[in-house]
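Read through the structure below, which is laid out as structure tokens, and then see the notes.
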Amino acid sequence: MKESLAIKITNKQVFHYAYDGVEMLSVGRDRDIFVIGGEEKIYFNQALECALMTVQIAALIGIQVGAPADQDSLPYSDLNEALVFAAPHISDLVGRDLYFLRGWKDFNSCVKGFNALGLIAEQVLRVQREFQAKPPAQKRALLIEFLESRRDAGGELSVRMDRVDIDALFGTDHELAALIWHTFADRKIVCSTSSNMGISLHDLIYLFRGRRIALGADSYTVFNRDEGALVIWAPDRRADFMNEEKAQHLAALESAEGSTTSVRTYINRKERDPGAINDALAAGGYFFPTNPQSKLELKGLLYTALASFLRGRTEVDDKIVKNENLRHLLHSLDVVIDEKSGKLVIQRGVEGGIYGLMIPYFILIEEMLAGGKPVDQGVDTWNQASIGAALAAATLAADSFKIIHRCEPRILALFARYFPRISQNWDRLAAVPQNVVGVFDLANIQSLAQLLGVVVQRHLSGKGTPFVGLGSSSYSNGNLCFDILMESANRRGAFKGKECFHPSTHTLNFISQALIFGEDVARARRVLHAKSEADAAAVLAHVRKPEPAGATALTGLLLSLLDQGELTVFELAYGVHRLGFSCELFLRFCGFEGAAGREKICNLAAEEGPYMGQFMTDFLNLLEWPTAALASYAARNRLKRGRAGSATSFPDKPLTVIYLTGDNTAQPGARIVGAQLDNLARLVAVDPTGPSS
């Protein structure tokens, strides 16, 4: 592969306490059985190939790279697969053209759906290469075995083999389906996660069982009902980073009828990945970590996890070679035996999750181009940094536009099939300013913020449960996500370092959730002509409250604007009010009731420092003001900071994109949406030309 198409990770080379003569220092003899082969690199050919396999697998089970949303498109609709939606009300609030980037609805918009598919794609690519090297007779035998084993819900054969031309299936979706089945149907996936990664893999297995693939007059599913086992290593209910809602969700997955998913729990993160690897070894299965692993991380993890099995071995022996489950696990991780040294050589990290997560960024740009959005003025994407792979993947994708057109022709041809507008605009996109921004939750220990030298002066971490488990706190020197980010920062790529890294607070996250939900309600109200509580059910089909982590990217933007004096509490309160929220309704939406609930949310805010404590008190008071008075004060504050009135576009600023990373949370019911619709109707009656119309 061409050197120009690789990112060489260089950060690991700066750890000597010396200016000169480093080459004279002895590195000593590596007494571990695991050794690292070659340098740490990310190859764009490999990255794109895995990303595109992610899309191919998604398309196989009916998930398409969607057309751009028009003004009448709705999320969670059977009529479109669009992921990018304009947010005009929030755009007016923040003074820039703002868009939501969602995930696929089949995964509840969770960004981990791309991650899960990327890890699946990484393994399928490996098996595909092995399949292509087989003689034709063996290829035919695998396809026949697959099709003959397909059963419907009643146990009957799905495919009449006498009607199938096996040779015509090579290179088609049917071959891909057979390879997925051959790879995973009877081998467990063991996933280590804070929760959402496991939920997304569970959803994916059910899609493999439920989505039918047409073959002539017949149809079949990739998995039968009893195929596709999953073990989820998730936080225990007793862990201080686990919320009860996610624990209940995981328990429901495990107990669902026909489920082949089981849940193992941990309290200390040190138990998680080693425990998951040992489970994968015992089952002869696959290890899917929620956090991508560099070669260095994988070496340490394998050594720790397999210590009891290896018992101090420094060379491969018969016990290792003859252990079928260990051989399968190592083979799935591309760990090979060096015959000369007798060592196990780690050739790559676990990178497929990052490559799968490049897809939403490509979809973003493709849909922007298809919708005629002015991308040339620049694109800023705000990401929840605790999902480290998503932040690194967005950075990798944004940086790739300058060199991606030099990839292998076969990969470029496949890329053009799914992303034709990007393929037609390489040079244009290479010149577009693209900034990837990270947002971190102050309730978590943020080692990436520490490594970047980010200092938060106004706000405290508070006592709230972190929005995500432990993804963000896994950043460290040698971490693959961290290395990708730092390589970009060193080159002044899409990620600029600490200037692109912002805190979020739980206090403001409540407001972000309300704004996102309210924006969706306003859109559905307009498109569906919903006027009152009687229309709440129809609206609910197309709106979702994001989980706290899902709203964190918007929270980072709002907090940044507040702290820089570019936004005021009056404008934020009016922005929430004009989307149908009264003070009482806002508290109910956030899970608080009455005077006691109001006191509780104010106390939670005060724990994050005096600024947040005062903000929440002011915000709730303002939501009780008459609409006209609140609108007047919001307009006066806007004028004092240099903005006059509402605007429909902001050509002097880059497009701002907010990653909504998941909706795996309890959803508001018809009462709340109905009350919103009634409030919106009253606001429109007062001002028919106002923003609520």
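Note on the chain: Cα Rg divided by 2.2 N^0.38 Å, N the number of residues, gives 0.98.
About its Cα centre, the dipole of region 547-595 is roughly 120 debye, where the only charges are +1 on Lys and Arg Cβ and -1 on Asp and Glu Cβ.
Normalised per residue, the accessible area of the chain is 40 Å², obtained with a 1.4 Å probe and no contribution from ligands, DNA or RNA. Along region 88-101 the Karplus relation, 6.51 cos²θ - 1.76 cosθ + 1.60 evaluated at θ = phi - 60°, assigns HN-Hα couplings of x, 5, 6, 4, 5, 5, 9, x, 6, 5, 10, 10, 9, 10 Hz to successive residues, with x for each Gly and Pro. According to the Kirkwood relation over distinct C-alpha pairs, the hydrodynamic radius of region 396-542 is 19.1 Å. Exceedance of the 24 Å cut-off in Cα-Cα distance is limited, within the set Lys105/Lys299; Lys270/Lys295; Lys299/Lys319; Lys112/Lys134, to Lys105/Lys299; Lys112/Lys134. If a paramagnetic tag sat 7 Å from the Cα of Thr465 along the Cα-Cβ line, which residues of region 257-295 would have the backbone N under 19 Å from that point? Residues 263-269 fall inside that zone.
In the chain, taking the dipole from charged Cβ atoms about the Cα centre, the farthest positive-side position among Trp104, Met358, Gln434 is held by Gln434. The protection proxy used here, the mean number of other Cβ atoms lying within 10 Å of each residue, ranks peptides 36-43, 282-289, 551-558, 102-109 as follows, highest first: 551-558, 102-109, 282-289, 36-43. For region 181-192, backbone phi angles converted through the Karplus equation (6.51, -1.76, 1.60; θ = phi - 60°) give residue-by-residue couplings of 4, 4, 6, 10, 4, 10, 10, 5, 9, 10, 10, 9 Hz, Gly and Pro being listed as x. Ligands, DNA and RNA left out, the 1.4 Å accessible surface of the chain is 51% carbon and sulfur atoms.
Reducing region 356-407 and region 141-174 to their Cα centroids gives an inter-centroid distance of 38 Å. Here is the P(r) of region 605-693: all C-alpha pair distances, binned every 10 Å from 0, give 12, 24, 42, 22, 0 in whole percents. Each residue of region 213-220 was assigned a 3J(HN,Hα) from its phi angle through the Karplus curve 6.51 cos²θ - 1.76 cosθ + 1.60 (θ = phi - 60°); the sequence is 10, 6, 9, x, 7, 9, 8, 8 Hz, with glycine and proline shown as x.
Around the amide H of Ala385, modelled in the peptide plane, lie the amide H atoms of Val439, Phe440, all under 5 Å away and 5 or more residues distant in sequence or on another chain. Residues whose amide H comes within less than 5 Å of that of Trp233, counting only those at least five positions distant or on another chain, are Cys191, Ser192, Thr193, Arg264 (H built at 1.01 Å from N in the peptide plane). Where the alpha-carbon atoms of region 274-361 are placed on the principal axes, they occupy 46, 27, 19 Å, in descending order. For region 138-239, the Kirkwood radius over C-alpha pairs fed into Stokes-Einstein at 25 °C and 0.890 mPa s yields D = 165 µm² per second. Take 500-507, 274-281, 254-261 and order them by the average number of nearby Cβ atoms within 10 Å per residue, most first; the result is 500-507, 274-281, 254-261.
Residues whose amide H comes within less than 5 Å of that of Thr261, counting only those at least five positions distant or on another chain, are Leu230 (H built at 1.01 Å from N in the peptide plane).
Debye-formula intensities of region 589-648, expressed as log10 I(q)/I(0) at q = 0.20, 0.30 Å⁻¹, are -0.86, -1.13 (one equal scatterer per alpha-carbon, no solvent). Once C-alpha pairs closer than 8 Å and six or more residues apart are averaged by separation and normalised to the residue number of the chain, the relative contact order reads 18 percent.
The values are calculated or read from the model by the stated rules, or taken from the named source; none is laboratory data. Values in this document were obtained by computation on a predicted structure and should not be read as measured data. Don't worry about glycine lacking a Cβ; one is built from the backbone with ideal geometry, like all the others, and counts go over all protein chains shown. Surface areas here come from the heavy atoms of the whole protein model, side chains and all, with no ligands, DNA or RNA. Shrake-Rupley method; radii C 1.70, N 1.55, O 1.52, S 1.80 Å.
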